[in-house]
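The values are calculated or read from the model by the stated rules, or taken from the named source; none is laboratory data. What you see is a predicted model, and the numbers here were worked out from it, not measured in a lab. Cβ: placed from backbone, ideal geometry, glycine included. Neighbour counts: every protein chain shown. Just the protein is used for accessible areas: all its heavy atoms, side chains included, with ligands, DNA and RNA removed. Shrake-Rupley method; radii C 1.70, N 1.55, O 1.52, S 1.80 Å.
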Amino acid sequence: MSAEGGTKAIMAALMANMGIAVAKFVAFGFTGSTSMMAEGVHSVADSGNQALLILGRNRSQRDRTPQHPFGFGRERFFYAFIVAVVLFTVGSLFSLYEGFHKFSDPHPVESPAWAFGVLIFAILLEGYSFRTAVKESNELRDGRSWASFIRRAKAPELPVVLLEDLAALFGLVLALAGVALAVVTGDGIWDGIGSMAIGVLLGAVAIILAIETKSLLIGEAADPEIEQTIMAALEAGAEVEHVIELLTQHIGPEDLLIAAKIAVKHDDSAAKVAMGIDAAEGRVRAAVPMAKHIFLEPALGDPAKVTK
């Protein structure tokens, strides 16, 4: 799976969320709806999250230094993890707090027309943002299921935007339902229920994002099909009898570290082994362009034993 893509989706989400946040806070000022307040804070948090994703992508492109010899590719994973933390603390916990507050002091929604108008406007903008993220993801997921795409994607931006936009759309529907029930029944407690439902939804999405980005942050291996491609490239030359052990790790979405122990012929000279290693590295780089760091260790091994 390519690790490229996501810039258009991030920018679409950023512009949509900024516009939606302004509209929601205007509606909150007229209605006093806690669901609208929760949704407004959610949109502010989402806007900040997109800014964090852009910051992480820009910082990851810095040149490597003696202190960071493998570069800064993992900055993208770090900022994606921060997004999950922000979504949970600012979005989820604040929505839950506002919902419980409305439970203890319910009051009817004022000027509901403002709330309905803004929520419908927000659904249209979020739908556009979500559609953009889905379109970019479809170009990369290569027929995989959505769950597999989110689980196995090495570039965190698209999965983050997809889940954020999906949560935002469901959150808007919940807010719309909460406000509608509060208006129909005249009981403001429904507005509080809508706010708490939004908080639970955001918390669930934040936990999923945290789990996935944590896995990337601590180091994930390449996908199995890429590892098979690497092994095939290593063993394609006569100088490599077989791969004894292969270890891979993403140190950035487009930056793969490869360490392998390869079996060479008993009677090859040191010069011939060195030339064979150079040739094997060249084949791997041609087959897997993201293989930026390759370390091969020649050894005499059991042809029947291949480990990963």
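About its Cα centre, what dipole magnitude does the stretch 1-79 give when the only charges are +1 on Lys and Arg Cβ and -1 on Asp and Glu Cβ, stated in debye to the nearest 20?
Values: 8 positive and 5 negative charges, 54 e Å.
The calculation lands at about 260 debye.
Relative to a virtual label point 7 Å from the Cα of residue 274 in the Cα→beta-carbon direction, which members of the stretch 231-248 show backbone nitrogen distances below 19 Å?
Of the residues in the stretch 231-248, 239-240 have backbone N under 19 Å from the label point off residue 274.
Suppose a student asked you for the relative contact order of the stretch 13-125, using Cα pairs under 8 Å spaced at least 6 residues apart; what percent would you report? Please report the intermediate quantities before stating the final value.
On the way: 123 pairs, mean separation 41.7, N = 113.
Result for the stretch 13-125 is 37 percent.
For the chain, the longest stretch holding no GluC sites (Glu not before Pro) located in a DSSP loop with at most 14 other Cβ atoms within 10 Å is which? Don't skip to the end; give the middle numbers.
Details: sites that count: 4, 110, 139.
For GluC sites (Glu not before Pro) (loop position, at most 14 other Cβ atoms within 10 Å), the longest site-free span of the chain is 140-308.
With a 1.4 Å probe and all protein chains left in place, how much of the accessible area of the stretch 72-169 comes from carbon and sulfur atoms, in whole percent? Spell out each step's value before the answer.
On the way: 3070 of 4500 Å².
On the stretch 72-169, the fraction of accessible area on carbon and sulfur atoms equals 68 percent.
Hey, rough spin-label estimate for residue 61 and residue 247, points 7 angstrom out along Cα→Cβ, what's it come to in nanometres?
Output for this residue pair reads 3.2 nm.
Residue 295 to residue 131: extension gain in nm, 0.36 nm per residue of separation minus the Cα-Cα distance? All intermediate terms of the calculation are to be shown ahead of the outcome.
Numbers: separation 164, 0.36 × 164 = 59.04 nm, distance 4.18 nm.
54.9 nm is the gain from fully extending residue 295 to residue 131.
At 0.36 nm per residue, minus the direct Cα-Cα distance, what do residue 7 and residue 51 gain on full extension? Give it in nm, one decimal, please. Before the final figure, lay out each step's value.
Numbers: separation 44, 0.36 × 44 = 15.84 nm, distance 1.13 nm.
Extra length available between residue 7 and residue 51 comes to 14.7 nm.
Given the C-alpha centroids of the stretch 101-172 and the stretch 176-221, what is the distance between them in whole angstrom?
11
Once you put a point 7 Å from the Cα of residue 107 and another 7 Å from the Cα of residue 26, both along the Cβ direction, what distance in nm separates them?
2.3
Starting from the Kirkwood radius over alpha-carbon pairs of the stretch 84-176, derive D by Stokes-Einstein at 25 °C in a medium of 0.890 mPa s and give it in µm² s⁻¹. Each step should come with its number before you reach the end.
Numbers: Rh = 15.4 Å.
Answer, rounded: 160 µm²/s.
I need the calculated FRET efficiency for the pair residue 124 and residue 285, taking r as the beta carbon distance and R₀ as 30 Å, to the nearest 0.05.
On the way: r = 47 Å, r/R0 = 1.55.
The pair residue 124/residue 285 has a calculated efficiency of 0.05.
If the cut-off is a Cα-Cα distance under 20 Å, which aspartates and glutamates reach residue 24, setting aside same-chain residues fewer than 8 apart in sequence?
The qualifying aspartates and glutamates are 39, 46, 98, 110, 126, 164, 165, 191.
Using helices alone, I'd like the mean residue ellipticity at 222 nm for the chain: each DSSP H run of four-plus residues gives -39500 (n - 2.57), total over residue count, nearest 500. Show your work: numbers first, answer last.
Details: 10 runs with 197 residues, N = 308.
Estimated from H runs of four or more residues: -22000 deg cm²/dmol.
Tell me the angle of helix 112-138 to the major Cα principal axis of the chain, expressed in degrees between 0 and 90 and rounded to the nearest ten.
Once rounded, one gets 10 degrees.
So which lysines pass the test for residue 214, namely a Cα distance under 20 Å, with those fewer than 8 places away in the same chain ruled out?
Within the straight-line limit of under 20 Å, residue 214 reaches these lysines: 154.
Give the average over all directions of the projected area of the C-alpha convex hull of the stretch 1-140, one decimal, in nm².
Working: hull surface 39.7 nm².
Taking a quarter of the hull surface, the average projection is 9.9 nm².
Taking 0.36 nm per intervening residue step and subtracting the Cα-Cα distance, what contour gain separates residue 211 from residue 228 on full extension?
Numbers: separation 17, 0.36 × 17 = 6.12 nm, distance 2.62 nm.
Extending this stretch completely gives an extra 3.5 nm.
Measuring from the lowest to the highest alpha carbon on each principal axis, how far does the chain reach, largest first, in angstroms?
Sorted largest first, the three principal extents are 89, 36, 34 Å.
Just tell me which aspartates and glutamates come within less than 12 Å, Cα to Cα, of residue 292; anything on the same chain fewer than 8 places away is out.
254, 255, 281
How much accessible area per residue does the chain have, counting only protein heavy atoms and a probe of 1.4 Å, in square angstrom? Mind showing how you got there, number by number?
Numbers: 13980 Å² over 308 residues.
It amounts to 45 Å² per residue over the chain.
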